[in-house]
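One structure is given below, encoded as structure tokens.
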Amino acid sequence: MVNPTLVNVVNIVPYTPAEAIELVSRAGVKKGNMRADLVFLSAISAGCLLSFGGAASFVASTAPWFQENAPGLMRVTGALVFPVGFVMVVLTSADLFTASNMFTTVAVLHHRLPAWKMLLHWCLCFWGNLVGSLFMAVVIFGYGGVFDAAPFRENVIAFATKKQITPDMHQIFLRGIGCNWLVCLSCYLGLQAKDFQSKIIGMWCPIFTFVSLGLDHVIANMFFIPLGIWLHTPGLSVGLYIWKGIIPAALGNIIGGSLFCGGYYWYLHLFREAPVLVDGKDYGDSMHKLSLEEKGSSHGRSEV
């Protein structure tokens, strides 16, 4: 007779790094084969949920005296709160452009997904995330007047200035690489865990790290910067945000997520002939068949 305690222990033992990147590949196949309308709606949801975390981090870090005398403490305080948005995105299987950089890239490198489907998924996620983020910045928090009063208004303006106006374009690009390296690592660690609490902890730590370091996440900035524009941040315009903000941050995020995280772990664990077994099973053949035969009506979702 099987010992129930032993079964429970086995069920919470995390996946190995090799098994986790195999799961990333499988999730990339499912994402790349989802119907376009489902991807777009899922991406809108991701933009909205991530914005909730961004807004909460603004509130948590609003303390004028501490901002002046202990800016590091305030950055850490906001960073502790921000991951709640990302956790909601992942646990609801919403599609985030920056996470897709890793998932679909690994699926393409693993020869399970054609490159054009990867690029289509990126495009749909990017624009869906933008729609969701702008809706939150303009409608919910803009017209809603959540940050109209002092000192919250001043905190948003100061943040937008430091994030978009002060740094050079190449700095935003390089920060974008580091940011999505950590964001995709967060997804990777979340996949390694099997129980709910471990998933949250695994995802929380890298997101906390990138926010506390002030790195640039193109989707999070789709909420932060438009909100700053809405509140009339001096010197900040839509044109400046597009060429100095969106473009370098997006390019840096793509490199960080696709190469530094997804490509690295693919090369380390999957760049070989022997398949990686997950829970004692080889999913290679079935996933390859899915990538060839699955049609646009697929309702697949990745599970983290």
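Numbers for the structure displayed
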| read-out | value |
| --- | --- |
| Answer residue from the range 192-208, given it is in contact (Cβ under 8 Å) with a residue 60 or more places away in the chain and not in a loop (DSSP other than H, G, I, E, B) and is farthest from residue 174 (Cα to Cα) among those | 198 |
| Qualifying positions in the range 32-80 - open to solvent by 70 Å² or more (accessible area, probe 1.4 Å), in contact with a helix residue (DSSP H, G or I) (Cβ under 8 Å, 6 or more places away or on another chain) and not aromatic (Phe, Trp, Tyr) | 41, 59, 64, 73, 75, 80 |
| Sole residue being under 21 Å from the mean Cα position of the chain (by Cα) and more than 24 Å from residue 268 (Cα to Cα), chosen from 126, 103 | 126 |
| Boolean, residue 87 is free of Cβ contacts under 8 Å to residues at least 60 places away in the same chain, β-branched (Val, Ile, Thr) and either in contact with a helix residue (DSSP H, G or I) (Cβ under 6 Å, 6 or more places away or on another chain) or open to solvent by less than 30 Å² (accessible area, probe 1.4 Å) (or both) | no |
| First in the range 165-190 and at pLDDT 95 or above, second anywhere and acidic (Asp, Glu), Cβ under 6 Å, 6 or more apart | 172/216; 175/216; 176/216; 179/216 |
| Qualifying residue in the range 94-109 (condition: surrounded by fewer than 16 Cβ atoms within 10 Å (Cβ to Cβ) and not charged (D, E, K, R)) | no |
| Set 146, 108: member being farther than 15 Å from residue 43 by Cβ, part of a helix (DSSP H, G or I) and among the hydrophobic types (A, V, I, L, M, F, W, C) | 108 |
| Qualifying helices (runs of 4 or more DSSP H) (wholly inside the range 1-100; at least 3 residues being modelled with pLDDT under 95 and among the polar types (S, T, N, Q)) | 4-12 |
| Residue in the range 70-85 that is more than 16 Å from residue 180 (Cβ to Cβ) and within 14 Å of the chain's Cα centre (by Cα) present | yes |
| Test: residue in the range 217-233 that is open to solvent by 10 Å² or more (accessible area, probe 1.4 Å), assigned to a loop (DSSP other than H, G, I, E, B) and either in contact with a Pro (Cβ under 8 Å, 6 or more places away or on another chain) or closer than 28 Å to residue 138 by Cβ (or both) | yes |
| Search result, residues across the range 30-62 that are among the aliphatic types (A, V, I, L, M) and free of Cβ contacts under 8 Å to residues at least 40 places away in the same chain | 56, 60 |
| Residue, modelled with the lowest pLDDT, within the range 261-275, restricted to residues that are hydrophobic (A, V, I, L, M, F, W, C), more than 14 Å from residue 185 (Cβ to Cβ) and open to solvent by less than 100 Å² (accessible area, probe 1.4 Å) | 274 |
| Complete set of residues in the range 150-187 that are among the polar types (S, T, N, Q) and either in a helix (DSSP H, G or I) or in contact with a Leu (Cβ under 6 Å, 6 or more places away or on another chain) (or both) | 155, 161, 164, 171, 180, 186 |
| Pair list, Cβ < 6 Å and 6+ apart or interchain, from the range 90-116 residues that are free of Cβ contacts under 8 Å to residues at least 60 places away in the same chain to residues that are open to solvent by 20 Å² or more (accessible area, probe 1.4 Å) and among the hydrophobic types (A, V, I, L, M, F, W, C) | 115/108 |
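The values are calculated or read from the model by the stated rules, or taken from the named source; none is laboratory data. Note that the structure is predicted; figures quoted are calculated from it, not measured. No Cβ is skipped: glycine too gets one built from the backbone with ideal geometry, and neighbour counts run over all protein chains shown. Ligands, DNA and RNA are stripped out before the accessible areas are found, and what is left, the full protein with its side chains, is counted by its heavy atoms. Shrake-Rupley method; radii C 1.70, N 1.55, O 1.52, S 1.80 Å.
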